Amino acid sequence: MERTRQEHLQWCKDRTIKYLDSGDTTKAYSSFMSDMSKHPETANHITLQLGFMPLLNGYADSVEEMRKWIEGFN
């Protein structure tokens, strides 16, 4: 059974948070981008279209900043 959009988004966030808990912002970001592309309702999310802009804008400067950025997704 396919997850709903909200369930999939939460799954993406949960997997990303595991990388953040280990301090790896690069893997966290890569995981999030990859996982988001795996569901038809999140595959075209603006974040995927912007690519590395969040990294360039400082959201990956720290685990805390990236966590805030990831948790802010809807």
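His45 meets each of the listed conditions (1) at pLDDT 90 or above; (2) surrounded by 15 or more Cβ atoms within 10 Å (Cβ to Cβ); (3) not hydroxyl-bearing (Ser, Thr, Tyr) apart from (1).
Restricting to the range 30-42, what's the tally of residues that are closer than 21 Å to Glu64 by Cβ and surrounded by fewer than 15 Cβ atoms within 10 Å (Cβ to Cβ)? Total satisfying the criteria: 1. Considering only the range 12-27, state which residues are modelled with pLDDT of 90 or more and in a helix (DSSP H, G or I). Matches in the range 12-27: Cys12, Lys13, Asp14, Arg15, Thr16, Ile17, Lys18, Tyr19, Leu20, Asp21, Lys27. Summed over the range 10-29, the residues that are within 14 Å of Trp69 (Cα to Cα), out of contact with any helix residue (DSSP H, G or I) (no Cβ under 8 Å at 6 or more places or on another chain) and surrounded by 12 or more Cβ atoms within 10 Å (Cβ to Cβ) give a count of 1.
The values are calculated or read from the model by the stated rules, or taken from the named source; none is laboratory data. Please read all numbers here as calculations on a predicted model, not as lab measurements. Cβ sites come from the backbone with ideal geometry, for glycine too, and all protein chains shown count toward neighbours.
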